[in-house]
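The values are calculated or read from the model by the stated rules, or taken from the named source; none is laboratory data. Quantities reported herein were computed from a predicted structural model and do not represent experimental measurements. Don't worry about glycine lacking a Cβ; one is built from the backbone with ideal geometry, like all the others, and counts go over all protein chains shown. For the accessible areas, the whole protein counts, side chains as well, though only heavy atoms, and no ligand, DNA or RNA atoms are used. Shrake-Rupley method; radii C 1.70, N 1.55, O 1.52, S 1.80 Å.
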Amino acid sequence: GGAAVSFIPHPVAGDIKNRAGTALYKNIAWPFVSLMNPEMSHVFTIWLAKQRLTPVDRVVDDAILQTTFLGKKFNNPLGLAAGCDKHGEAVRSFLEMGFGFVEVGSITPQPQDGNPKPRMFRLKDDGGVINRYGFNSDGAEVVRARLADLREEKEALPGVMGINLGKNKTADAVPDYVYGVQQFGALADYLVVNISSPNTPGLRDLQGKKDLQVLMTAVMTARDKACPTVPVVVKIAPDVDEAGLKDICDVVLAAKVDGMIVSNTTNQRPESLVGEHKGEVGGLSGLPLKELSTRVLRQTYVLTQGKVPLIGVGGVGSGQDAYEKIRNGAGLVQLYSQLAYEGPYAVPLIKTELAALLKRDGFASVEEAVGADAKAELQKPKKSGWW
């Protein structure tokens with residue numbers, strides 16, 4: 001048989017392709033996609049990705065984007081947030097699209113349908129999305145088998161895979177999350193305890209100090225037993241007040257949780273919203289979430305004294321957006337909602353822009369830029385001794 005030759009284009013050629021692809025998506029594909037029911041277009045996107053019909057970013061990532069986070073190496077700091085590939089059906093295709101990592105889920109122990117449809121709404125003029133899916137999941141058994149098959153494929157995944165754990169609607173939280181750790185620890189590069197979806201009754205109550213202490217102590221014990229080398233991070237809501245956020249940070253530090261994701265969707269509705277669906281119940285994501293989630297990210301960085309690795313998510317649609325998250329404390333950045341509006345070729349464009357911004361400001365790496373805008377707020381250690 002002939003040897004396979006891999007074609008790696010020049011970055012400039014790649015950039016031209018990505019700009020043309022984005023223009024085609026916005027001008028030709030999006031008008032059709034936007035006519036589809038939002039959930040149908042989501043299902044269709046996953047189907048395309050499963051069939052390997054989504055674009056592949058063949059340009060090697062700029063070396064400045066390579067980063068280490070939670071002890072793992074990432075080709076770039078841009079990830080696909082949970083909620084897109086909920087059932088782990090197209091991880092490889094999304095990584096090939098140019099993401100440095102993909103977060104599967106949320107996955108519940110038992111299969112569940114989630115909330116009645118319709119449950120996803122576009123706010124086109126706002127660049128936002130409201131969803132109230134309610135942890136629709138194929139269930140742990142099915143997703144675990146799917147991801148085990150993926151891990152056994154001859155070709156290793158070209159990036160990092162996180163697994164986001166949820167709980168069933170009427171189940172007790174602690175046993176559900178412990179079960180998730182036991183089921184997925186061996187398959188995940190990192191695990192996420194998602195206690196911040198606004199669409200499961202009572203879920204956000206787990207962010208209260210006592211409940212969170214009990215939950216995270218149980219989860220970290222289960223992790224130490226089942227998969228001691230797999231980092232566990234907790235995903236929080238942007239709607240916590242300052243005292244609540246301090247409580248969460250205190251628990252994270254005390255329980256030695258490995259990191260945090262800031263943030264999930266918001267229940268708030270900014271005055272600026274104009275979309276006809278702005279009154280729908282559910283979590284708001286996309287551009288209207290950007291400012292709030294970045295503010296909470298920065299507060300979290302300051303409250304944890306920059307000691308807890310943070311993943312920033314909410315309203316990222318450009319390299320500038322990603323850069324702002326990094327400067328406000330994020331070591332990695334995720335997006336999802338803006339992918340619908342910008343299209344798949346936006347992923348490499350965001351990376352190119354981010355690399356240019358890091359270089360412009362004299363940073364040699366992503367790590368160097370983390371918290372650059374928030375560091376001034378860190379408390380100076382108290383001076384001791386004679387000085």
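For the chain, the orientation-averaged shadow of the C-alpha convex hull comes to 21.4 nm² (one quarter of the hull surface). Positive-end ranking of LEU273, SER318, ALA372 along the dipole of the chain, with charges on Cβ about the Cα centre, is headed by ALA372. Taking the charge dipole of the chain about its Cα centre, with +1 at Lys and Arg Cβ atoms and -1 at Asp and Glu Cβ atoms, the residue from TYR301, MET216, ALA82 reaching farthest to the positive side is TYR301.
Its Cα centre serving as origin, region 233-387 has a Cβ charge dipole (Lys and Arg +1, Asp and Glu -1) of approximately 580 debye. Could you give the size of the charge dipole of region 94-175 about its Cα centre, using +1 on the Cβ of each K and R and -1 on the Cβ of each D and E, expressed in debye and rounded to the nearest 20? Computed about the Cα centre, the dipole is about 360 debye. Among the chymotrypsin sites (Phe, Trp or Tyr not before Pro) within region 1-110, those in coil by DSSP and having at most 11 neighbouring Cβ atoms inside 10 Å are PHE7.
With contacts taken as Cα pairs under 8 Å at a separation of at least 6 residues, the chain carries a relative contact order of 18 percent. Positive end of the dipole of the chain, charges at C-beta (+1 Lys, Arg; -1 Asp, Glu), about the Cα centre: which of HIS42, GLY331, ASN194 has its Cα farthest in that direction? Farthest along the dipole direction, towards plus: GLY331.
For region 240-387, the relative contact order is 23 percent, taking Cα pairs closer than 8 Å that sit 6 or more residues apart in sequence and dividing their mean separation by the residue count.
Dipole check for the chain: with +1 at the C-beta of Lys and Arg, -1 at the C-beta of Asp and Glu, and the Cα centre as origin, the magnitude is about 380 Debye. With protein chains left intact and a 1.4 Å probe, residues in the chain average 46 Å² of accessible area per residue. The distance from the alpha carbon centre of region 160-219 to that of region 142-159 is 22 Å, rounded to a whole number.
Among 252-263, 303-314, 358-369, sorting by the average number of other beta carbon atoms lying within 10 angstrom of each residue, highest first, gives 303-314, 252-263, 358-369.
Counting protein heavy atoms only, region 87-149 has 44 percent of its accessible area on carbon and sulfur, 1.4 angstrom probe.
Relative contact order for region 86-202: 31 percent, from Cα pairs under 8 Å spaced at least 6 residues apart, divided by residue count.
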